Each structure stands twice: as C-alpha cells, then as structure tokens.
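Just so it is clear, none of the values below were taken in a lab; they were calculated from the coordinates. Predicted model only: the values in this text are computed from it and were never measured. Quick reminder, even Gly has a Cβ in these numbers, built from the backbone with ideal geometry, and neighbours come from all protein chains shown.
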Amino acid sequence: MAEERTQPATPRRLEEARRRGQVAKSTEVNTAIVLLFSFLTLRLVGESIFEALGSNLEFYLSSMNTEDITRASIARIASPALQTMLVAGLPVIAVALAAGVLANLIQSGLLFSMHPLKPDLNRISPITGAKRLISMRAIVDLIRSLVKLSLLIAVFWIVVQDNVDEMMMLPFSDPKSSWLFIPTIVFETAMKATAVLVVIAAIDFVWQRYQHAKDLRMSHRDLRQEHKDTEGDPLMRGRMRELGRALATRRMMADVPTADVVITNPTEIAIALKYDSAVASAPTVVAKGEGMVAERIRTVAEAHDVPIVENVPLAQTLNRATEIGDEIPDSVYQAVAEVLAFVYKIKGVRVGRQ
C-alpha cells in the first residue's frame, strides 16, 4: 500500500519540478491579462480605427454605385480597408503578445524546459486519459468553465438591458451615429467581461498554486529517500568515515619513526613530537592517540628506537590541546623543552637539529 503524501515538498523537489517545466500556472491569468491590455489598447486607438474604417466604408459604398461589380473592382475597392485594418491592428497584436509574455513571467518567471516535449506514452494512454476525465481537477475545471460562461452571459445580458433603448433606435439613426455607437457598446461589454475574468483569474491562480503544492507533496519515505540521495547511504557514509580514519592512522603511523620523542600516559595516551627549527618554531605533533592507537604508536616507536618518555600531566595536556600537525602550545613549551633536552642529551644530538 502506497504511503500517504502529507509532507510539503522540499526545495530540492520544487527545483526538480521546475526543471521539468512543472510550475503553478493559471491559463485564466494569461487570458485575463491579454484581454485587459488588448482592450485598453483598442480603446486608445479604437476611435481612429473606426474613423478610418468609416471612411473606407463610405468610399466603398460610393464606388459601388459608379463601377461594375467585378472581381478586380472589389479587390481594388476593398484593398484600402484591409490595409487600414492591418495597420490599425498591429498595436493591438503587439500589446497582446507582450501581455502574454508578461503573464507567463509573472506566474513562473524566466523558465525554459524541453522536458514537456519529450515523448510520453501516458499522454496517449486511454486509461490515463479516463482517469484525468474523472479526476477532481477535471471536475473543478468543468465547474470553473460553467461559472465563467454563466457570468459572461450575465454581463452581456446586463449591458444589453442597459442599452436596449439605444439599440432599438439604431435602424432609425443616421449611419454615422450607429457606426460610433457600436464600438462604445462593444468596449463596455468587453471591459465588464474582462473585469469578471480578472476575478476568476485571481481565484484560479490561488487554486493552481494550492493544487501544485498538493501534487508535489511527499511521503515520509520520499523524504528519507531524498535525504539518502542527497547525503548518501548512512551505511556507506559510515564505511567511508571508517576508511578515512584507517587511512589517516596509516599516514600517522608512517610519521612515528621520524619523531624525536613519544610522551605517554603511560598506557592510555601516546603523543609523538618532532622538532626541526628549520621548519617550525616549536615542536610539532606528528602522531597521537588513545587506547589501541596509543599502543600501536609505542610499538612503532620501539621498533625504530624512538625514545618513549612517561609524563602523565604533559601527555594529558597535549592530548587535550593539540591535534596532529599542530605546534605545541606556549603553556607546555618549557616542559617539552626539558624532555627534548633530556632525549637529545642521551642521543648526543643538538636541540632542534635532525
């Protein structure tokens, strides 16, 4: 039985989903923003568009009375109107394209992913398709579409009801008045419909973010697996640490024969010191350890005739205050110097010379 996914997605899972192109995105937001900016642009340039189209219509009607209706004459008469519509429509088209890009950037930022283009048999699977049709998301989408359609019909009906008297008088009005009334009523309907779409888009945006977060939820097993993938298998990490310690111990043991003296506790601690004035200003710890490691240090030291000196307080202090490669602290310098002087006297070596 699959474990229930109740935990929020981790940053790593969110980033992986984003690389696949899976982000919270509402098509209603795109539609609302594109329509809003397009209608506002159309409002700014609409008057000039309709005036130009009116002039073209007047030219067309007057030309039809003086010329025979042929394919060539229709093309010649209609060509100015088509050119006018094309030029006038370019700002609206440009703003619509820019608004579409802006809507996507607002929702998901700058995102480019080829993953959605990869072939996926699940997309054409009848079983998967049937599951999508009866899923909760499909039901919500259906309800949203029905609500949107109902609201848009209501907006259209309200605008018609408010302007029914003017619309009834259009057949009795002069053509110019009728021609100017049409864009006014169209723009009013468009802006009220867009306002409804903006509200729907805001609600859908919140829903899509919630649904996206829900789809990416993780189970406790998913969290453990991600932690294992990120940090590595705990058993493997332990094994690697063990190998690292073993390697460090071997390197440390290789340095014991070069030491000048080994200071012991006598059996619990062993600290191997080396002093070379040409390299360091104070004696350096080349090996240290407790228990079995200390015993191995003593064994290697004995095998290579490295002097072993028992000094419990000094061994304990060095064990606490130093690590391998550290110079001894100033607080024990006098005590270590006395030990080295004693050792060098026995060996007949001058202090600080190897």
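Side notes on the structure shown:
- Amide N of the stretch 1-35 lying under 12 Å from the label point, which is placed 7 angstrom from the Cα of Met136 along Cα→Cβ: 5
- Given Lys25/Lys192; Lys148/Lys214; Lys228/Lys274, the pairs whose alpha carbons are separated by over 31 Å: Lys228/Lys274
- Once the chain from Leu90 to Asp229 is taken as fully extended at 0.36 nm per residue, the excess over their C-alpha distance is 44.8 nm.
- Summarising the label geometry, the points placed 7 Å from Cα in the beta-carbon direction at Ala98 and Arg209 lie 2.7 nm from one another.
- The charge dipole of the stretch 251-347, taken about its Cα centre with unit charges on the Cβ atoms of Lys, Arg (+1), Asp and Glu (-1) only, comes to about 120 debye.
- At q = 0.10, 0.14, 0.25 Å⁻¹ the log10 of I(q)/I(0) for the stretch 251-347 amounts to -0.20, -0.41, -1.50, computed by Debye summation with a single uniform scatterer per C-alpha, solvent ignored.
- Burial ordering of Thr264, Thr249, fewest other beta-carbon atoms within 10 Å first: Thr249, Thr264
- Hypothetical label at Arg320: residues of the stretch 237-268 whose amide nitrogen lies under 17 Å (7 Å Cα-Cβ projection): 264-266, 268
- Using the Cβ of Ala315 as centre and a radius below 11 Å, the other residues enclosed give a net charge of -1, where K and R count +1 and D and E count -1.
- Segment Ala303-Arg43, extension gain: residue separation times 0.36 nm, minus the distance between their alpha carbons: 83.8 nm
- Long-range amide H partners of Ala270 with built H, under 5 Å: Gly289
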